[in-house]
Amino acid sequence: MTQYGSSILRLAYSYLHNMDDAEEILQETLIQYLKTAPVLENEAHEKAWLFRVAGNLSKNRIAYNRVRSTDELKESLAAQQREDLSFVWEAVKDLPVKYREVIHLFYYEGLSTAQIAAILEQKESTVRSHLMRGREKLRSILKEGYDI
């Protein structure tokens, strides 16, 4: 919880846009970790396992809810309290999930494309494509909505 709690919470929030649901996903992820007690090689594998579980639980919650309510993105979650970038994270919320998740993991969590590919169980080239397309969509959203 201490080591990865805030990262898991931010990841779940990036999927769900609802702090209550994100907190539940954090709890469920930690419970799943305690129940299964996976034997992992190192901290990187532990983090990847937790992110994968949190991502899957978040996707399940989206399917379950169908109608998502959106909370305002809190400044504390947006780029580590840098108010000048909060509008970018607002625009990231409008991206499709496949682009939003790789952008979040790459830019906010600082993971490499290889690490993201392992977490999402995709090819690294797919992750790079999603990053590129996500950036393009983000650029167009920002140009339209924010006149940048």
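Summary of values
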| quantity | calculated |
| --- | --- |
| Residue that is modelled with the highest pLDDT [pool: residues in region 63-93 that are more than 18 Å from M19 (Cβ to Cβ) and assigned to a loop (DSSP other than H, G, I, E, B)] | R66 |
| Hits in region 1-29 (condition: open to solvent by less than 40 Å² (accessible area, probe 1.4 Å) and hydrophobic (A, V, I, L, M, F, W, C)) | I8, L9, L11, A12, L16, M19, A22, I25, L26 |
| Flag if S58 is closer than 20 Å to W89 by Cβ, part of a helix (DSSP H, G or I), polar (S, T, N, Q) and open to solvent by 40 Å² or more (accessible area, probe 1.4 Å) | no |
| Residue in region 20-40 that is at pLDDT below 85, closer than 21 Å to Q122 by Cα and not hydroxyl-bearing (S, T, Y) present | yes |
| Residue selected from region 94-148 under the condition in a loop (DSSP other than H, G, I, E, B) and among the charged types (D, E, K, R), by the criterion farthest from the chain's Cα centre (by Cα) | D147 |
| Count of residues meeting criterion [in contact with a helix residue (DSSP H, G or I) (Cβ under 6 Å, 6 or more places away or on another chain) and free of Cβ contacts under 8 Å to residues at least 12 places away in the same chain] in region 1-26 | 0 |
| Residue within region 115-124 that is in contact (Cβ under 8 Å) with a residue 24 or more places away in the chain and in contact with a Gly (Cβ under 8 Å, 6 or more places away or on another chain) present | yes |
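The values are calculated or read from the model by the stated rules, or taken from the named source; none is laboratory data. Everything numeric here is computed off the predicted structure, so don't read it as measured data. Cβ: placed from backbone, ideal geometry, glycine included. Neighbour counts: every protein chain shown. Just so you know, the surface numbers come from the protein's heavy atoms only, side chains and all, with ligands and any DNA or RNA stripped out. Shrake-Rupley method; radii C 1.70, N 1.55, O 1.52, S 1.80 Å.
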